[in-house]
1. Of the cross-linked pairs LYS90/LYS199; LYS23/LYS260; LYS191/LYS238; LYS23/LYS115; LYS57/LYS115, which ones have a Cα-Cα span greater than 29 Å in the structure shown?
2. What net charge is computed for the residues neighbouring ILE35, neighbours being all others with C-beta under 12 Å from the C-beta of ILE35, Lys and Arg scored +1, Asp and Glu -1?
3. Can you work out ³J(HN,Hα) from phi for every residue in region 183-199, in order, using Karplus 6.51 cos²θ - 1.76 cosθ + 1.60 and θ = phi - 60°, giving whole Hz and x for Gly and Pro?
4. What's the extension gain from ARG107 to ASP261 if we count 0.36 nm per residue and subtract their Cα-Cα distance?
5. Would you please give the residues with an amide H less than 5 Å from that of TRP10, counting only those at least 5 places away or on a separate chain, with H modeled from the backbone geometry?
6. Report, by chain and number, residues whose modeled amide H sits under 5 Å from the one on TYR77, excluding near sequence neighbours (fewer than 5 apart, same chain).
7. Considering only the other residues whose Cβ falls under 12 Å of the Cβ of ILE85, what net charge follows from Lys and Arg at +1 and Asp and Glu at -1?
8. If every alpha-carbon in region 189-269 counts as one equal scatterer, what log10 I(q)/I(0) does Debye give at q = 0.15, 0.25 1/Å?
Amino acid sequence: MIGSHDRGFWNIQELHEESLLAKKTFIAQPSDVFICSYPKTGTTWLKALAFAIVTRKNFDESSSPLLTTLPHDCVPYLEKDLKQIEENHKTHFPLVSTHLPHTALPRSIVSSNCKIVYIYRNIKDVIVSYYHYLRKYFNARVEDAPFEEAFNEFYQGISWCGPYWDHILGYWQASHDDGSNILFLKYEDMKQDTASNVKRLAEFIGHPFSKEEENAGVIENVIKLCSFDNLSNLEVNKSGYHRPDGPHAVENRLFFRKAKDGDWREYFTDEMIKKNR
Ligand code: A3P
């Protein structure tokens with residue numbers, strides 16, 4: 001599945017071609033806000049939060065499209081949805097998501113100093129989350145897809161958009177460049193103190209909460225709407241499909257597993273822990 005290697009990063013063959021197309025043809029608007037992440041670091045949650053923040057004047061928690069639509073279908077994906085992003089430019093909807101490493105981003109994103117929100121997460125939980133996602137996607141039995149094998153590949157940097165640490169480093173280094181505009185959010189911090197991170201996110205993307213909204217509990221409502229418990233129990237996320245008409249339809253439920261910090265403890269051997277120090 002992981003077939004292409006470009007500028008030190010792995011990609012899925014089919015996405016590689018689409019990524020190159022995006023790199024060549026996509027023209028960012030300075031008002032675009034990019035949600036950038038390595039897979040399995042909390043992208044679904046961040047997309048939901050950003051979408052709820054940006055659209056809160058149009059919808060509340062009882063009418064939000066998030067109640068009937070997977071967050072990934074609410075925010076277009078640079079590697080796949082170029083047409084939709086063009087349409088969104090016309091309506092000034094600013095959010096675009098991508099898993100591309102910083103070096104593979106279309107030039108205009110960097111030259112327009114677009115805002116970038118980058119989420120990252122404890123590598124051990126990313127490995128476990130990635131393992132489960134792929135195993136379920138391929139319908140593989142645990143006996144046929146042992147965790148140890150997945151760990152070893154990941155550890156060598158062979159994973160979709162990997163190596164993970166180079167992905168983070170690329171955005172981190174870019175954040176020191178003149179004019180760069182990158183907000184880093186850590187999944188674990190967001191879980192620990194969701195409200196202040198949601199406020200930071202809203203301010204950064206140019207949709208800060210007013211005092212009146214804060215007093216009226218709008219932040220709490222956004223948090224509740226986008227919570228794992230709420231989203232993972234919605235019918236659409238239990239039984240729907242992401243890109244159902246394409247060759248790689250994914251069950252929505254695969255984007256919601258446990259959302260638990262430290263789940264790696266159930267899977268890592270002492271040797272794996274040593275290697276990850
Ligand atoms: P686990 O596999 O550890 O449960 P991504 O969205 O980047 O694919 O990451 C998926 C991970 O985020 C999964 O982690 C998933 O359960 C978790 N997740 C999905 N929705 C979430 C939410 N609303 N809040 C917190 N975590 C969420």
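1. From the list (LYS90/LYS199; LYS23/LYS260; LYS191/LYS238; LYS23/LYS115; LYS57/LYS115), the Cα-Cα distance tops 29 Å for LYS23/LYS260.
2. Values: positive: LYS47, LYS115; negative: ASP32.
Computed value for this residue: +1.
3. 9, 9, 10, 9, 3, 5, 5, 5, 5, 6, 9, 5, 4, 5, 6, 5, 5
4. On the way: separation 154, 0.36 × 154 = 55.44 nm, distance 3.51 nm.
Contour length minus the Cα-Cα distance gives 51.9 nm.
5. For TRP10, whose amide H was placed from the backbone, the distant partners under 5 Å are SER159, CYS161, GLY162.
6. Excluding prolines and chain starts, which carry no amide H, the hits are SER97.
7. -2
8. Normalising to I(0) and taking log10 leaves -0.77, -1.10.
FYI, it's all coordinate maths here, none of it is from the lab. Small disclaimer: the values here were computed from a predicted structure and weren't measured. Virtual Cβ from ideal backbone geometry, glycine too; neighbours counted across all protein chains shown.
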